[in-house]
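What follows is a short report on a single structure.
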Amino acid sequence: MNNQRLTVLVPSLLDNHFPLLKYAFQSKDYDIIMLQNDSKNLQYLGLQYAHNDMCYPLILIVGQTLDTLQNNSYDLDNTVFLMAQGGDNCRGSNTIHLMRKALKSAGYNIPVISLNFVGLENNSKFKVDIPMVFKSITAIMYGDILMLLKNQIEPYEISKGETKKRVLNWYNSLKSEILNTKYLHKDRLSKNFQSIIDDFKTIPCDFTRKTIKVGIVGEIYTRYCHIGNWNVEEFLLNQGCEFMVNGFSWYVLYYIDTHLNEDNPLKYGYMFAKRYFETIQDILVQTLRKNGFKCLDTYSNFKNKSFKYFYSECNVAEGWLISAEICNLSLNGYKKILGLQPFGCMANHVCGRGVYSSLQRKLKDTQIVSIDYDASGTEVNVRNRIKMLLDF
């Protein structure tokens with residue numbers, strides 16, 4: 001590989017955050033391409049090169065990547081595929097090796113590199129510097145506020161599509177700020193949060209419209225990516241629901257808290273990042289609430305409040321975060337909970353489904369329905385299970 005600018009292909013994961021996160025990593029060395037193709041053929045293409053017993057998100061990622069390579073002309077000598085790895089003791093840590101095998105079998109000899117913070121794949125050609133970290137935090141917080149506002153306004157908008165239009169406008173407005181600013185002061189972020197909220201509050205809405213309030217929890221891909229959850233948010237909107245998906249910053253803080261603060265040579269750096277993240281998250285939560293919008297507590301309070309209803313030290317994958325989000329969503333009025341996970345995702349079945357019945361007994365009037373996504377599953381069955389929750 002020569003010294004030309006790298007084209008970095010990144011598979012779908014965070015629908016509401018990737019449109020901004022890509023600018024955090026854009027540089028003179030990297031041209032970041034967030035994959036957006038989402039045809040229903042992705043899983044069938046993925047199944048040709050990934051075993052059907054593997055994690056369903058991997059099958060979709062393989063299919064999306066191969067579909068992209070087949071339908072676009074990239075300089076393959078200067079193209080790499082970037083896969084984020086949590087380093088957990090589940091199949092999520094092994095997917096990079098399976099991705100390499102799938103690309104090789106399909107005839108593509110391009111590097112698959114890892115983005116991780118736990119020492120996996122140390123020879124990665126993709127290097128993250130301090131400005132990228134701060135830009136990423138900024139992009140995540142903007143993604144959180146835009147997602148939370150969209151989900152609370154869109155069910156009530158009078159002119160269909162207006163909320164999504166505002167979201168796209170803000171993506172364009174915030175692009176240059178993320179690209180050109182190495183570090184955004186918290187006062188600047190606070191001012192921008194308020195400007196975003198002021199804009200969304202001008203959307204004509206009918207808040208007398210009756211809706212069913214639904215909380216969404218579960219595995220990261222099936223929770224945040226419409227490809228992985230078969231457009232569950234669109235389905236809920238069409239069923240007259242208002243839904244809440246907790247912000248991605250809570251997952252990041254959970255990950256730092258449970259994965260990076262022990263026996264890590266960069267422990268103090270991660271502790272500093274956690275404090276900075278929590279400071280910005282507190283501004284986000286307070287700004288939303290003082291303007292009449294719902295938001296779960298900042299991470300520390302969120303964690304302590306949930307542990308009154310259950311306690312677990314399991315931090316594999318989403319671990320106890322799933323149950324913590326169920327508790328906090330229920331306490332915020334979202335009494336119908338959808339737990340989304342790939343079929344056979346053991347971390348989610350043990351730490352999620354394994355405690356659902358206990359949580360339902362402790363959380364008054366809360367119903368939890370578990371939804372499995374798999375290449376052999378059908379959209380009809382998934383939607384029937386969702387409607388069972390809505391009608392109960």
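I need the full set of residues from the stretch 46-58 which are surrounded by fewer than 16 Cβ atoms within 10 Å (Cβ to Cβ) and either touching a helix residue (DSSP H, G or I) at 6+ places or on another chain (Cβ under 6 Å) or charged (D, E, K, R) (or both), in order please. Let's see the steps before the verdict.
Here is the first cut: in the stretch 46-58, the residues surrounded by fewer than 16 Cβ atoms within 10 Å (Cβ to Cβ) are 48, 51-53.
Listed by number, the list holds a single entry, Asp53.
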Subject >> Filter result for the condition that a residue is charged (D, E, K, R) and either modelled with pLDDT of 95 or more or assigned to a strand (DSSP E or B) (or both), over Glu177, Glu242 >> reply: Glu242
Original post:
How about the stretch 323-343: which of its residues are within 20 Å of the chain's Cα centre (by Cα) and either over 22 Å from Gly247 (Cα atoms) or open to solvent by 10 Å² or more (accessible area, probe 1.4 Å) (or both)?
Top reply: Phe343
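Mind checking which residues of the stretch 1-17 are among the hydrophobic types (A, V, I, L, M, F, W, C) and either open to solvent by less than 30 Å² (accessible area, probe 1.4 Å) or part of a strand (DSSP E or B) (or both)?
Matches in the stretch 1-17: Leu6, Val8, Leu9, Val10, Leu14.
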Original post:
If Asn315 passes every condition in (1) part of a loop (DSSP other than H, G, I, E, B); (2) polar (S, T, N, Q); (3) open to solvent by less than 20 Å² (accessible area, probe 1.4 Å) but one, which one does it miss?
Top reply: (3)
Original post:
Can you find even one residue in the stretch 128-138 that is of a type in the set (Gly, Ala, Ser), at pLDDT 95 or above and either closer than 30 Å to Phe81 by Cβ or surrounded by 14 or more Cβ atoms within 10 Å (Cβ to Cβ) (or both)?
Top reply: no
Original post:
If you check Leu60 against the conditions, is it touching a Gly at 6+ places or on another chain (Cβ under 7 Å), under 26 Å from His259 (Cβ atoms) and in contact (Cβ under 8 Å) with a residue 40 or more places away in the chain?
Top reply: yes
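Take Gly292 and tell me if it is within 18 Å of Cys351 (Cβ to Cβ) and not in a helix (DSSP H, G or I). If you could, list the steps in order and put the result at the bottom.
On the way: within 18 Å of Cys351 (Cβ to Cβ): no; not in a helix (DSSP H, G or I): yes.
No: the conditions fail for Gly292.
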Original post:
Is there any pair linking a residue in the stretch 20-45 that is open to solvent by less than 40 Å² (accessible area, probe 1.4 Å) to one that is part of a loop (DSSP other than H, G, I, E, B) and of a type in the set (Lys, Arg), with Cβ under 9 Å and at least six apart or on different chains, and which?
Top reply: Ser27/Arg5; Tyr30/Arg5
Original post:
Which residue pairs have Cβ atoms under 7 Å apart, sit 6 or more places apart or on different chains, and have a first residue in the stretch 155-171 that is under 20 Å from Gln239 (Cβ atoms) and open to solvent by 80 Å² or more (accessible area, probe 1.4 Å) and a second that is of a type outside the set (Val, Ile, Thr) and not in a loop (DSSP other than H, G, I, E, B)?
Top reply: Ile158/Cys205
Subject >> Matching option when the condition is charged (D, E, K, R) and closer than 28 Å to Leu389 by Cβ, among Lys335, Lys274, Lys290 >> reply: Lys335
Subject >> Count - residues of the stretch 91-125 that are modelled with pLDDT under 85 and open to solvent by less than 50 Å² (accessible area, probe 1.4 Å) >> reply: 8
Subject >> Residues (in contact (Cβ under 8 Å) with a residue 12 or more places away in the chain, surrounded by fewer than 24 Cβ atoms within 10 Å (Cβ to Cβ) and out of contact with any Phe, Trp or Tyr (no Cβ under 6 Å at 6 or more places or on another chain)) located in the stretch 208-228 >> reply: Lys210, Thr211, Ile212, Ile220, Cys225, His226
Original post:
Looking only at the stretch 180-198, which residues are open to solvent by less than 60 Å² (accessible area, probe 1.4 Å), part of a helix (DSSP H, G or I) and among the polar types (S, T, N, Q)?
Top reply: Ser190, Asn192, Gln194, Ser195
Original post:
Is there any pair with a first residue in the stretch 323-336 that is under 20 Å from Gly292 (Cβ atoms) and a second that is part of a loop (DSSP other than H, G, I, E, B) whose Cβ atoms are under 7 Å apart and which are 6 or more apart or on different chains, and what are they?
Top reply: Asn328/Leu296; Asn328/Asp297; Asn332/Lys294; Asn332/Leu296
Original post:
Which condition does Ser358 not pass, out of (1) open to solvent by 60 Å² or more (accessible area, probe 1.4 Å); (2) farther than 24 Å from Ile256 by Cα; (3) part of a helix (DSSP H, G or I), if it passes all the others?
Top reply: (1)
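The values are calculated or read from the model by the stated rules, or taken from the named source; none is laboratory data. Note that the structure is a prediction, hence the values are computed from the model and not measured. Glycine gets a Cβ as well: all are built from the backbone with ideal geometry, and neighbour counts include every protein chain shown. The area values use the complete protein model at the heavy-atom level, side chains included, leaving out ligands, DNA and RNA. Shrake-Rupley method; radii C 1.70, N 1.55, O 1.52, S 1.80 Å.
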